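Asker: Below is the structure I would like to discuss, written out as structure tokens.
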Amino acid sequence: MATMQVDVVAPEERLFSGEATEVYARSLDGEIGILPGHQPILLALAPGSAVRVRDTGGSEHRYDVGGGFLEFKDNRLTVLADESGEAGDAGQP
Amino acid sequence: MPGAGELRALRRRIRSVKSTQKITRAMELIAASRINKARLAVESARPYAEMITTVIRDLAASGEVADHPLLAPHEQVRRVGIVVVSSDRGLAGAYNTNVLRRAERVAVSERDAGREVTVYALGRKADGYFRYRGQDIAETWTGIADRPRYRDAQEVGRTVMDDYREGRIDRVWLAYTDFKSALTQVSAVVQLLPVDARELEGGEAYPAQFLFEPAPDAILEQLIPRYVEQRVFAGLLEGAASEHASRQRAMKAATDNASDIIDDLTREANRARQAAITTEISEIVGGAEAMSS
């Protein structure tokens with residue numbers, strides 16, 4: 001099964017790093033799914049949208065990134081998230 | 001009884017030094033635990049910083065930088081802003097002094113060049129320092145230096161970017177403290193705006209078949225402000241880690257110093273006690289001899 005290296009990073013922390021088989025995101029034009037071998041792309045994510053990553057184990061991770069950018073090249077997919085997407089992160093001391 | 005008053009005074013001083021030592025030790029321990037959290041925050045923020053820089057550099061190498069308002073230097077530099085990262089609270093050794101002096105040097109050299117200077121103060125200490133010296137302060141933020149969050153950096157970044165775009169300031173410096181290690185923190189000044197074109201060199205141009213959505217210049221338009229915010233955030237995080245490291249060192253020195261003082265005072269108290277006993281014995285012996293003779 002083809003995989004790609006996926007990194008989802010937010011300003012405060014790295015949210016995901018590892019091999020994945022599928023990534024779904026929403027651009028300004030609509031929903032986009034990226035599989036390994038996709039055409040190289042740099043796109044702006046729709047404000048308030050989420051990114052879903054299916055890892056090699058088949059489980060899906062959802063990140064409420066709230067916007068940002070997605071780049072895919074050389075079989076590496078990078079999401080520059082605007083937010084960490086965790087509700088209640090203000091609760092930390 | 002001679003010496004008793006002196007003894008009581010010494011014991012009182014020992015008690016007072018001991019209670020001060022309890023406070024400095026507590027502050028030392030708190031600072032030590034915060035250093036680790038602050039260092040972790042610096043580390044956690046690094047991947048985003050590296051990746052956004054790479055993307056911007058690659059776009060720049062593709063010739064997309066053009067004339068973004070945050071990249072283009074203003075023709076005439078009349079008014080300069082300095083963002084100063086300091087702490088809200090003192091007792092942090094030389095942490096504030098160093099970064100404030102550094103910022104002051106920048107202010108002096110800009111003023112010598114005939115430019116006006118305005119300060120964006122982060123932390124109560126920067127505000128106090130520059131206000132006391134009659135320096136114009138554009139804005140002050142407190143309550144964020146201790147444990148900065150990204151949204152705080154966003155607010156600071158947006159304020160200076162707005163002021164820059166609207167021509168209220170023509171250049172922005174960021175003065176902060178670089179956390180090199182737990183033992184070494186160095187004050188640093190970097191140019192925040194306009195974004196130095198040299199920072200964006202060295203990228204790999206995007207190949208022709210690359211798909212952009214929206215167009216590359218529109219993407220860059222959105223990326224640049226985030227890049228500036230992220231740099232403010234990095235300065236805040238480095239500053240926070242440095243503040244805690246500095247405070248820990250200062251409080252450790254104070255605690256050690258208190259131990260020395262307690263040792264000295266205890267020795268003195270023992271001597272006074274011994275002197276009092278000796279006097280008492282010689283009085284008793286003297287009294288007994290007087291009666292027997």
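Each value in this text was obtained by applying a stated rule to the coordinates, not by laboratory testing. Everything numeric here is computed off the predicted structure, so don't read it as measured data. Note: ideal-geometry Cβ built from the backbone for every residue, glycine included; neighbour counts use all protein chains shown.
Asker: Residue by residue through B:203-211, how many Cβ atoms from other chains fall within 10 Å of the Cβ on average? Can you show the working numbers first?
Answerer: Details: counts 0, 1, 0, 4, 2, 0, 3, 7, 7.
For this peptide, the per-residue mean of nearby foreign Cβ atoms is 3.
Asker: Output wanted: per-residue J couplings in Hz (rounded whole) for region B:208-222, from phi through Karplus 6.51 cos²θ - 1.76 cosθ + 1.60, θ = phi - 60°, x for Gly and Pro.
Answerer: Each residue's phi maps through the Karplus curve to give 4, 7, 5, 9, 10, 8, x, 4, x, 5, 5, 5, 4, 3, 7 Hz.
Asker: Of the DSSP beta bridges with both residues in chain B, give the percent that are antiparallel, rounding to the nearest 5. All intermediate terms of the calculation are to be shown ahead of the outcome.
Answerer: Numbers: 8 of 24 bridges.
The answer is about 35 percent antiparallel.
Asker: Using only Cα atoms and rounding to the nearest 10 degrees, what angle (0 to 90) does helix B:4-61 make with the longest principal axis of chain B?
Answerer: 10 degrees
Asker: Counting other beta carbons within 10 Å of each Cβ, put A:72, A:16 in order, fewest first.
Answerer: Working: A:72 24, A:16 17.
Final ranking by Cβ density, sparse to dense: A:16, A:72.
Asker: Which of A:17, B:44 comes first, and how do the rest follow, when ranked by fewest Cβ neighbours within 10 Å?
Answerer: On the way: A:17 13, B:44 17.
Exposure proxy ranking, most exposed first: A:17, B:44.
Asker: Restricting to bridges with both residues inside the protein assembly as shown, how much of the DSSP beta-bridge set is antiparallel, in percent to the nearest 5?
Answerer: Values: 38 of 62 bridges.
In the protein assembly as shown, DSSP labels about 60 percent of beta bridges as antiparallel.
Asker: Let me make sure I get this right: for region B:31-248, a, b and c are the square roots of the gyration tensor eigenvalues over alpha carbons, sorted descending. Under 1.5 in a/c it's rounded, otherwise prolate if a/b > b/c, else oblate. Which is it? All intermediate terms of the calculation are to be shown ahead of the outcome.
Answerer: Working: a/c = 2.30, a/b = 1.35, b/c = 1.70.
It comes out oblate by the Cα gyration axes.
Asker: Moving to a separate point now. Taking H placed 1.01 Å from N in the peptide plane, check which residues at least 5 places from residue B:192 or on another chain put their amide H under 5 Å from its amide H.
Answerer: HN-HN under 5 Å from residue B:192: B:172, B:173, B:174.
Asker: Write down, largest first, the equivalent ellipsoid semi-axes of the protein assembly as shown in whole Å, where each equals the square root of 5 times an eigenvalue of the alpha-carbon gyration tensor. Each step should come with its number before you reach the end.
Answerer: Values: eigenvalues 702, 152, 40 Å².
Equivalent ellipsoid semi-axes, largest first: 59, 28, 14 Å.
Asker: Normalising by the residue count of region B:31-248, find the relative contact order in percent from Cα pairs under 8 Å and 6+ residues apart.
Answerer: Details: 384 pairs, mean separation 77.5, N = 218.
Averaging sequence separation for qualifying contacts and normalising by length gives 36 percent for region B:31-248.
Asker: Using a/c under 1.5 as the rounded threshold, could you call region B:38-104 rounded, prolate or oblate? The axes a ≥ b ≥ c are square roots of the C-alpha gyration tensor eigenvalues, and prolate needs a/b larger than b/c, oblate otherwise. Can you show the working numbers first?
Answerer: Details: a/c = 4.48, a/b = 1.41, b/c = 3.19.
Oblate, because a/c is 1.5 or more while a/b does not exceed b/c.
Asker: Out of all DSSP beta bridges in region A:4-87, what portion is antiparallel? Express it as a percent rounded to 5.
Answerer: 85 percent
Asker: Another one. Please list 3J(HN,Hα) in residue order for region B:177-192, calculated via the Karplus relation 6.51 cos²θ - 1.76 cosθ + 1.60 where θ = phi - 60°; whole Hz, with x for glycine and proline.
Answerer: 10, 7, 8, 7, 7, 4, 9, 10, 10, 10, 6, 9, 10, 10, 7, 8
Asker: Please give, to one decimal in nm, the separation of the simple spin-label points placed at residue B:289 and residue B:162, each 7 Å out from Cα toward the Cβ.
Answerer: 9.1 nm
Asker: Related question: Projected area of region A:4-87, taken from the Cα convex hull and averaged over every viewing direction, in nm²? Spell out each step's value before the answer.
Answerer: Numbers: hull surface 19.4 nm².
Dividing the Cα hull surface by four gives the mean projection, 4.8 nm².
Asker: If we count GluC sites (Glu not before Pro) as exposed when they sit in a DSSP loop and have at most 10 other beta carbons within 10 Å, what is the longest stretch of chain B that avoids them all? Show your work: numbers first, answer last.
Answerer: Details: sites that count: B:75, B:166, B:201.
With a cap of 10 other Cβ atoms within 10 Å, the longest stretch comes to B:202-293.
Asker: Per 0.36 nm of contour for each residue apart, how much would the distance between residue B:268 and residue B:26 grow if the chain were fully extended, relative to their Cα-Cα spacing?
Answerer: Working: separation 242, 0.36 × 242 = 87.12 nm, distance 2.72 nm.
Stretched out fully, the residue B:268 to residue B:26 stretch lengthens by 84.4 nm.
Asker: Let me ask something else about it. Give a residue-ordered list of calculated ³J(HN,Hα) values for region B:86-94 (Karplus: 6.51 cos²θ - 1.76 cosθ + 1.60, θ = phi - 60°; whole Hz; x for Gly, Pro).
Answerer: Each residue of region B:86-94 in turn: 10, 9, 7, 10, x, 6, 10, x, 8 Hz.
Asker: Mind checking the full-extension length gain between residue B:113 and residue B:137? Use 0.36 nm per residue of separation minus the Cα-Cα distance, one decimal, nm. Could the numbers behind the result be given before it?
Answerer: Values: separation 24, 0.36 × 24 = 8.64 nm, distance 1.94 nm.
Stretched out fully, the residue B:113 to residue B:137 stretch lengthens by 6.7 nm.
Asker: Can you list which of the GluC sites (Glu not before Pro) found in chain A are DSSP loop residues with at most 16 other C-beta atoms within 10 Å? Intermediate results must be reported in sequence, preceding the final value.
Answerer: Values: sites: A:12, A:13, A:19, A:22, A:31, A:60, A:71, A:83, A:86; in loops: A:12, A:13, A:83, A:86.
Hits after loop and neighbour filter: A:86.
Asker: Sort B:22, A:73 so that the residue with the fewest other Cβ atoms within 10 Å of its own Cβ comes first and the one with the most comes last. Intermediate values should be presented prior to the final figure.
Answerer: On the way: B:22 12, A:73 17.
So the residues, fewest neighbours to most, are B:22, A:73.
Asker: Which residue fluctuates the most in chain B, going by a Gaussian network model with Cα springs under 10 Å, if the choices are B:210, B:233, B:179?
Answerer: Fluctuation is largest for B:210.
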